Amino acid sequence: MPELPEVEVTRRGLAPAVVGKVVTDAIVRVPKLRSPVPDLGGCLIGKRLVSLERRAKYLVWTFEAPNGKRERLVTHMGMSGSWRIWPAPAPEPHRHDHIDIVFGDTVLRYTDPRRFGDFRWFETDPFEAEPLRSLGKEPWDEAVTLSWFLSELKKTSRPVKEVLLSGIIVVGCGNIYASEALFEAGIRPTRRADRISAERAEKLLAAIRDVLAKAIASGGSTLHDFHGPEGETGWFPLACAVYGREGENCPKCGGKIKRIEQGGRSTFFCPHCQR
């Protein structure tokens, strides 16, 4: 599933190609993905894309009509979605190429084999509506201070790995990135969130930011279907310290990396280094 780094890599790839351009056509080949697809032709044609933002794993596209009115398209890539940039005219679509948004000489094509992506049209502020309203904070939000982060951890007795995956405090820690951040911080994934000290919370917050920043710089994850907007494959898992390395030597102490299941997901950690 594309996580925060993959979505940010996609945003950075798409934005320079289309921000500032006017939509000249929109082609929808399926009536429904996770939910019914809006009438993108009616919503988008003739409007200029003024910004492309990311909120957690969502892309927020802001369009401006000739009369100055601004509306937004909020998209999610689901489990297997990806965007590609093509010069117009784009190649003939394949079976899983579901949506084209045409900006004159540039075509953005959305491909999604599993059809779990989502497209929603908002005439009002989407940040004040679901699904964006209830999301945790962005990892680099200025409001995410150590004191705030620690106070949020103290509110729950759940295992810290599960708290990170839930995104209720900060967004972006998918399964790979949560395992890696906890290893970097030296915290065992099963430790109760409310029993993490201020010193260790500081290390964890720094590790979350560091791991996500490295993943973005590396192009995201190579797992399953993810590709960047120009077809490149990310390679972050090749640099993972613990994820997917059950039975291998820990890069810090040389001990064996262990795998357990938490909430139906695989967790990888070093029993010696993570307490």
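Quick look at the values:
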{"read-out": "Residue-by-residue Karplus 3J(HN,Hα) for the range 18-30, coefficients 6.51, -1.76, 1.60, Hz, glycine and proline x", "value": "10, 4, x, 9, 9, 6, 9, 6, 9, 10, 10, 9, 10"}
{"read-out": "Net length gained if the chain between residue 64 and residue 272 were fully extended (0.36 nm per residue, minus Cα distance)", "value": "69.4 nm"}
{"read-out": "Gyration tensor verdict on the range 45-146 (Cα atoms; rounded if a/c is under 1.5, prolate if a/b is larger than b/c, oblate otherwise)", "value": "oblate"}
{"read-out": "At R0 = 35 Å, FRET efficiency that the Cβ-Cβ distance of residue 206 and residue 95 yields, to 0.05", "value": "0.20"}
{"read-out": "Exposed GluC sites (Glu not before Pro) absent - longest run of the chain, DSSP non-H/G/I/E/B, at most 16 other C-beta within 10 Å", "value": "1-122"}
{"read-out": "Theoretical gain in end-to-end length, residue 50 to residue 124 [0.36 nm per residue, Cα-Cα removed]", "value": "25.1 nm"}
{"read-out": "Fully extended contour minus Cα-Cα distance, from residue 29 to residue 114, at 0.36 nm per residue", "value": "29.2 nm"}
{"read-out": "Overall Cα dimensions of the range 76-122 - principal axes, largest extent first, Å", "value": "28, 28, 11"}
{"read-out": "Listed residue pairs exceeding 30 Å between alpha carbons, taken from 32/154; 21/57; 69/214; 32/161", "value": "32/154; 69/214; 32/161"}
{"read-out": "Dimensionless Rg/Rh of the chain - Kirkwood Rh, Rg from C-alpha atoms", "value": "1.01"}
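Any read-out appearing in this document is the output of simple, stated calculations on the displayed coordinates, not a laboratory observation. Just so you know, these numbers come straight off a predicted model, no measurement behind them. As a convention, Cβ positions derive from the backbone with ideal geometry for all residues, glycine included, and neighbour counts pool all protein chains shown.
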